[in-house]
Amino acid sequence: CGGRGERLKPLTDNMPKPMVKAGDKPILEHQLELLKKHGIKKVVLLVGWYGDVIENYFRNGERFGMQIEYSYEDPTNRLGTAGPVKAAQDKVDGTFILMNGDIISNTNITNIINFHKVEKCWGTINMINMPSPYGIIYLNNNTIIEFKEKPELPYKMNAGLYILEPEVIDFMPDVGSIETDVFPKVAAAGKLCGYDSTGIYWSDVGTHKDLEKVNRDILS
């Protein structure tokens, strides 16, 4: 939850991106509700930029029926997406979920965990079909034969939720990216799996346009 949310300014001038409201509650609260729905009640929030805003809101998690701890990153010395996990490894005991702090989804976490256990992976990445941000034009020579507005593409996309074994932490640098520095090494060891969640509701909330869409979706 340490992102500064530069593209959501001025909303994020004095709060971290996961505390921006989607509908009537912060993005992060939607995430905790999803985790709790699937039996996850122990949570460690990796915080940095205005982390005290998150801690003041969620505190120890009792109000939400959860047990919440915090691991702070110095916002002036950012550690990437892998470093904060490495720094909090003493709070990890066994298989754990790692989740980006800026996504809204109804993904079936229970199914992903069951898949992860059956496949005996060290890491499982939740995947969806990549949505095109643009309309797609199909041509026959110079004649347009079909136009599709923002269709799903035939490629899988990282949906920002992972089931991980403690062995993955051994691949994590003190400063670096889990996506580019860690996952390629786990994949090279033959221990990285992908779970296809295509068809779920999913949106990241990185821009004002994303936030407007999510708000419309929640209201409907």
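Looking at segment 55-84, which of its residues are small (Gly, Ala, Ser) and out of contact with any Ser or Thr (no Cβ under 8 Å at 6 or more places or on another chain)?
Step one: list which residues in segment 55-84 are small (Gly, Ala, Ser), which gives 61, 65, 71, 80, 82-83.
The answer is Gly61, Gly65, Ser71, Gly83.
Looking across segment 22-71, the residues that are part of a loop (DSSP other than H, G, I, E, B) and aliphatic (A, V, I, L, M) come down to Ile40, Met66. Filtering segment 129-139 to residues that are assigned to a strand (DSSP E or B) and either crowded, with 19+ Cβ neighbours inside 10 Å or not aliphatic (A, V, I, L, M) (or both) leaves Asn129, Pro131, Tyr138. Close Cβ contacts (under 7 Å, 6 or more residues apart or on different chains) running from residues in segment 7-22 that are farther than 15 Å from Asp204 by Cα to residues that are surrounded by 16 or more Cβ atoms within 10 Å (Cβ to Cβ) and of a type in the set (Lys, Arg) comprise Thr12/Arg4. What are the residues in segment 109-118 that are open to solvent by less than 60 Å² (accessible area, probe 1.4 Å) and either out of contact with any Phe, Trp or Tyr (no Cβ under 6 Å at 6 or more places or on another chain) or of a type in the set (S, T, N, Q) (or both), if any? Result: Ile109, Thr110, Ile113, His116. The requirement of being more than 17 Å from the chain's Cα centre (by Cα) and either within 20 Å of Gly3 (Cβ to Cβ) or modelled with pLDDT of 90 or more (or both) is satisfied by Asn60.
Yes/no matrix, rows are residues, columns are (1) polar (S, T, N, Q); (2) surrounded by 15 or more Cβ atoms within 10 Å (Cβ to Cβ); (3) modelled with pLDDT under 90:
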position: Asp90; (1), (2), (3): no, no, no
position: Asn106; (1), (2), (3): yes, no, no
position: Met127; (1), (2), (3): no, yes, no
position: Glu146; (1), (2), (3): no, no, yes
position: Glu149; (1), (2), (3): no, no, yes
position: Pro154; (1), (2), (3): no, no, yes
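Between Asp210, Asp204, Asp181, the distinction of being modelled with pLDDT under 90 and closer than 28 Å to Ala87 by Cα belongs to Asp204 only. Restricting segment 185-201 to residues that are within 18 Å of the chain's Cα centre (by Cα) and modelled with pLDDT of 90 or more leaves a set whose member that is least open to solvent (accessible area, probe 1.4 Å) is Ser197.
Listed conditions (1) open to solvent by 10 Å² or more (accessible area, probe 1.4 Å); (2) closer than 17 Å to Asn215 by Cα are all met by Pro26, apart from (1).
Restricting to segment 87-112, and then to whatever is touching a His at 6+ places or on another chain (Cβ under 8 Å) and in a helix (DSSP H, G or I), can you tell me which residue is farthest from Asp174 (Cα to Cα)? So, considering only residues that are touching a His at 6+ places or on another chain (Cβ under 8 Å) and in a helix (DSSP H, G or I), the one farthest from Asp174 (Cα to Cα) is Thr110.
Taking segment 164-184 as the range and being open to solvent by less than 60 Å² (accessible area, probe 1.4 Å) and in a loop (DSSP other than H, G, I, E, B) as the test, the residues that pass are Glu165, Met172, Pro173, Ser177.
Which is open to solvent by less than 50 Å² (accessible area, probe 1.4 Å) and within 23 Å of Asp90 (Cα to Cα), of Gly2, Gly39? Only one candidate passes the filter, namely Gly2.
The values are calculated or read from the model by the stated rules, or taken from the named source; none is laboratory data. These figures come from a predicted structure and were not determined experimentally. Counting neighbours? That spans all protein chains shown, and the Cβs are built from the backbone with ideal geometry, glycine included. Heavy atoms of the whole protein, side chains included, go into the accessibility calculation; ligands, DNA and RNA do not. Shrake-Rupley method; radii C 1.70, N 1.55, O 1.52, S 1.80 Å.
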